[in-house]
Amino acid sequence: MSEERSRRPACSATATEGDRIAPTAHYTAYAWFRLGLPYAEWFKTARGARMHLAFRGTEWLAACVSGTPSLLQYLEYRHRAIDHRLTARRPGRVVELGAGLSRRGTTWALDHGASYVELDLAPMIAAKERHLAKLDKSVRLRLTRLLRLEVADVLAATFVNQLTEALRGAERPVVIAEGLLGYFDFDERERLARAIATALRQSGGGHFLCDLRSRPSKRAGRVAVSALKAAIRVVTRGRGAREDFPSREVIRERFLSFGFDEANVCPASEVPELGHLAGLELPVDVWQFEVKPRGLS
């Protein structure tokens with residue numbers, strides 16, 4: 001991978017139509033559009049629309065099971081909770097891992113003036129660039145100043161160095177991994193978490209926002225998790241999600257051992273826009289992990 005290819009501005013190049021895109025990128029991009037989130041219309045695809053149409057039946061079934069959220073409601077909690085905690089941090093720079101076709105980077109660059117770096121595999125970066133290339137020239141110019149796309153393999157041994165460089169000089173940095181860690185096994189999650197904690201510590205401290213599943217104790221929660229995993233298997237063409245953590249406490253203990261200083265959950269009740277999800281057994285938690293500045297940990 002050349003330095004020129006991995007660090008070029010977000011709006012600079014085109015790519016062939018043969019580039020592969022994960023089906024989840026199409027699905028989630030259209031989910032943000034259905035939810036009316038800012039700039040989501042720039043990244044929705046026809047394939048995403050077809051996938052949502054095909055899943056309408058599962059949404060109806062979820063509504064028939066008391067306390068069980070639909071896939072769209074699960075995604076809404078995940079996305080809005082991360083945005084809620086991100087807003088509270090007032091970050092000077094955000095680095096999002098596996099950003100896909102998310103509208104978040106564009107939103108933070110255009111509406112908040114934040115420096116934003118999206119890291120993903122080469123085919124996904126090329127696809128995102130194609131969408132950005134369709135925007136008005138004035139918008140592309142503003143994004144070029146603040147939004148950067150980089151090719152990255154988050155499980156590579158050298159990733160910690162790339163992330164450290166992406167965070168260099170940042171004030172109140174935040175790293176995000178939405179919908180990513182659940183596809184990795186426990187060893188891979190640990191490897192990535194340690195890399196993030198190390199990079200944040202070398203940058204003077206910061207926060208990591210992600211979503212993680214733990215085994216629910218209530219029946220409604222178990223039903224919700226089973227429904228979610230079944231939906232993920234369909235969307236990912238059978239790949240599915242990996243094993244859940246045994247409990248929230250295990251998540252907290254493990255991530256503290258990985259190098260973070262604090263860990264806490266963002267419940268849906270904390271997010272004003274999620275009042276309509278009250279009473280649902282959400283099959284995932286949004287976690288905020290902190291690496292404190294040197295001398296404060």
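FYI, it's all coordinate maths here, none of it is from the lab. For clarity, every value in this text was computed on a predicted model and none was experimentally measured. Please note: Cβ atoms are built from the backbone with ideal geometry, for glycine as well, and neighbour counts cover all protein chains shown.
Things to note:
- Label-to-label distance, Ala278 versus Glu41, with points set 7 angstrom from Cα along the beta-carbon direction: 3.2 nm.
- Close amide H contacts of Leu121 (hydrogens built in the peptide plane, cut-off under 5 Å, sequence separation of 5 or more or a different chain): Ala152.
- Applying the Karplus relation 6.51 cos²θ - 1.76 cosθ + 1.60 with θ = phi - 60° to segment 200-214 yields 3J(HN,Hα) values of 5, 5, 5, 8, x, x, x, 10, 10, 10, 7, 10, 9, 9, 10 Hz, where x marks Gly and Pro.
- In plain terms, the residue of Leu192, Leu200 with the fewest other Cβ atoms within 10 Å comes first and the most crowded comes last, giving Leu192, Leu200.
- Arg172, Arg80 arranged by Cβ crowding within 10 Å, fewest neighbours leading: Arg172, Arg80
- Net charge of neighbours whose Cβ lies under 12 Å from the Cβ of Arg294, counting Lys and Arg as +1 and Asp and Glu as -1: +1
- Karplus 3J(HN,Hα) series, Hz, for segment 145-150 with 6.51 cos²θ - 1.76 cosθ + 1.60 (x for Gly, Pro): 6, 10, 9, 10, 10, 10
- Comparing Cα centroids, segment 73-87 and segment 22-51 end up 16 angstrom apart.
- Ranked by how many other Cβ atoms sit within 10 Å of their own Cβ, fewest first, the residues Lys137, Lys292, Lys128 fall in the order Lys137, Lys292, Lys128.
- Summed side-chain charge close to Ala152 - residues other than Ala152 whose Cβ falls under 10 Å, Lys, Arg +1, Asp, Glu -1: -4
- Reciprocal mean inverse distance between Cα atoms of segment 247-297 - Kirkwood radius, Å: 12.6
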